[in-house]
Every structure is written in structure tokens, then in C-alpha cells.
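Okay, so here's the structure we're looking at.
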Ligand code: GLY
């Protein structure tokens, strides 16, 4: 671990977790004039951020069962922020995060899938989000590599993608250039609470020393519920949801697909350099990180049925990550009941998409400016404590106003 005891020099903010959320929060907090240290127990970006496909897809990812559609409100807001977020990173860090603005096609290949897609279309129309119905010929005009048996397609023209590996790299450079202290390979840390149990003092490092801080942000993804040092009553209901993806490369270079394509049981996301991500399983298997032959087989089968040309691609890697799921699939962003402790976790399938918004909201909380009404949609208190009912009422009001 590359650090020493700094207990005599408290930092304004300690961010625990070096994935895309922790990095984005640390960067924005530093930009607001706070002194910031980010602590990552392993390598920066080595968790779910490295595995994520990078879809910025509020429209194609919206699900029927999303609690009162609240993640849609968050997702649309954060998707709007991505172009300027990417431009700012390019300017400050000199890294192009691979933002592709080519839309996403949702494709049906038989009568059952077409019926399901019509249902998905009606649902999205009821939400008043931008999606259009394409005939098979129109779909194939946009994506000539699609299988010939396309029955119906929906176009989410505003659903884009970035390369999360590049985004993490850009954020790390931006953090360092802005003056964030970054500590990697720190091992397990624990929250340190004062003797009265009323406020956070910092974090206890693996060697037992105290790293003092005014505020601690928990951005540990699927591991957020396991952070040591917290009373049981403050634990958050974040659980791991395993996802396996494949990384493929077209030896002929980029161009087989223009934008992301989704079909039954699979999505395919192109990168700028001829690489593709094929994803993803959804598995409730605790913290298991094993890649399995069955999932790899199913992903390849579905992907090839949708885009036959991928048979010629090289298979570079199978990756496994853990999405941080919550009971309502919305994130937890905001202050906890313990003074000085702030949650920024539980982003489920949308961590990359929600990183600019999470960073802005969390930086607001850290600087005493929690004025954004979107914070009510991710209030950590909704799962326990006296604010649970009030939070729910405000959430209904906000999501109701969005249809
Ligand atoms: N956002 C896509 C996934 O989690 O698989």
C-alpha cells in the first residue's frame, strides 16, 4: 500500500472506492475546492467499471419493474451530461473516452420477439421517451450486418456508448491533475467513527492507522454493504448481481456495426477501434466471479444469431463483474444518518451512465448544497429510518411529473 499515516492532517473528503463513481466524485469534489483523497483496496477501475459495456442507454435500458420509473429520470439527466463530461475530460486529461453517438437498435427476429418489442414500444411511448419503430428494411439500412430474419426494430436514437476503460483512465488522470491524492492497493479499510458514535472521523487503514477526514464517501459498488466499522442499522441493501461479458475484435477493423444492437438475451456494443463487447448475463450468485462455459456459449449463440458476421471475430477475453443491485434498482446517493458519511453506490446496470450525475449530486452534498431535486430519487434513507415515508412521497411527485 502506497500511503502513510496522515492523522495529523485531516482531509476534507475521503472517497473509498476507485471505480468510475469514486473517481468522478473525487474529481468533482476537488473542483469545488475540497481536499480529496481516494482510497482503492485493489487497482483503480479493476471492479465492475472494467467489465461494463459502457452503454449510455436510458431509453433501451428502462425496465417495466423499475420502481416508479425513477431511474429513467436519473438516467436521462446523466445522459445529457455525458457529452460535456467527455469534452471536459478530453481537455483536462487529454484522453478521448470513445463516446459513440450512433443510437441503439432493439431488434426482434420472430413473432414472439416482435410482440414483446411492440409492448416495449408502448411502454416507452407511455413514458414519453424518444424511440421510433423501424421496418426490417430500415433497420438493415442502419445496420447492414443484422441477420436477414429481422421482423421489427426500435431505434433509441439518443442511446449512445463510451469505453469505460478509457473513461476510468481519463478520470484518474483528471483526478491527479486536479490534486486528488490517489491511494491504490490499500487493502481493506474500515470507517472510523468517534467515541460517541455520532460522526465519522475518517477511515481505519489496513495497518490500523487512522486516515482522518471530515467526510467519507462510500463508492465501493457491490461491496458497499460490506464496509467495516459501521453500525448494523446503517448498512445499505446493496447486493452483487453477476454479469459475464465477452470482448471480441474484428480483424478487419471497425465498421461492421455503427451503434449498439440489442436482441433477445444479448447486446453488442461496438468500440471505435474494431473491438466489441457482447453482454451480459444477470446472475444472483453472491460474490462469485467465475466465468462459465454455459454463459459464454449462450452469449455467442445469441450474438451470432443477431449479427452473423461476428463468427469471424477474434475472442479476446471473457470478463466477469458484479453490478451493485438495490431493492428498487436505483442508486443510493446522499448523506447517511451518521454525520460525515455519504453514500454513492448501488448503480446496478447504470454505473457508467450515471457517473456524471452522481458526481455532481455528491459534490453538492459534500459542499453543503444538496439542492438538486433528483437527490430525492436516490435518498439512502428510503430503505430505513424515519425519512422513508417522506422520501417515497417526494419520489412519487417527481416521477409522476415525468409521466
Ligand atoms: N448495463 C448493461 C449491463 O449491466 O449488463
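Below are the figures for this structure:
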quantity: Residues (part of a loop (DSSP other than H, G, I, E, B), under 20 Å from residue 162 (Cα atoms) and either within 20 Å of the chain's Cα centre (by Cα) or within 12 Å of the ligand (Cβ to nearest atom) (or both)) located in the range 261-280; calculated: 271, 280
quantity: Verdict on residue 340 being within 16 Å of the ligand (Cβ to nearest atom), within 25 Å of residue 231 (Cβ to Cβ), surrounded by 16 or more Cβ atoms within 10 Å (Cβ to Cβ) and modelled with pLDDT of 95 or more; calculated: no
quantity: Unmet criterion (only one of (1) more than 24 Å from residue 131 (Cα to Cα); (2) in contact with a helix residue (DSSP H, G or I) (Cβ under 7 Å, 6 or more places away or on another chain); (3) part of a loop (DSSP other than H, G, I, E, B)) for residue 64; calculated: (1)
quantity: Qualifying positions in the range 202-222 - crowded, with 20+ Cβ neighbours inside 10 Å and either more than 16 Å from the ligand (Cβ to nearest atom) or assigned to a strand (DSSP E or B) (or both); calculated: 202, 203, 205, 211, 213, 215, 216, 217, 218, 219, 220
quantity: Only listed residue being touching a strand residue (DSSP E or B) at 6+ places or on another chain (Cβ under 8 Å), buried (at least 21 other Cβ atoms within 10 Å of the Cβ) and either over 20 Å from residue 351 (Cα atoms) or free of Cβ contacts under 8 Å to residues at least 40 places away in the same chain (or both), chosen from 114, 108; calculated: 108
quantity: In the range 251-280, the residues that are farther than 17 Å from residue 159 by Cα, modelled with pLDDT of 95 or more, in contact with a strand residue (DSSP E or B) (Cβ under 9 Å, 6 or more places away or on another chain) and surrounded by fewer than 21 Cβ atoms within 10 Å (Cβ to Cβ); calculated: 251, 254, 255, 256, 273, 274, 275
quantity: Residue pairs meeting the criteria (Cβ under 8 Å; at least 6 apart or on separate chains; first at positive phi, in the range 313-331; second at pLDDT 95 or above); calculated: 329/348; 329/349
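The values are calculated or read from the model by the stated rules, or taken from the named source; none is laboratory data. Keep in mind that what you see is a predicted model, and the values were worked out from it rather than measured. Methodologically, a virtual Cβ is constructed for each residue, glycine included, from the backbone with ideal geometry; neighbour enumeration extends over all protein chains shown.
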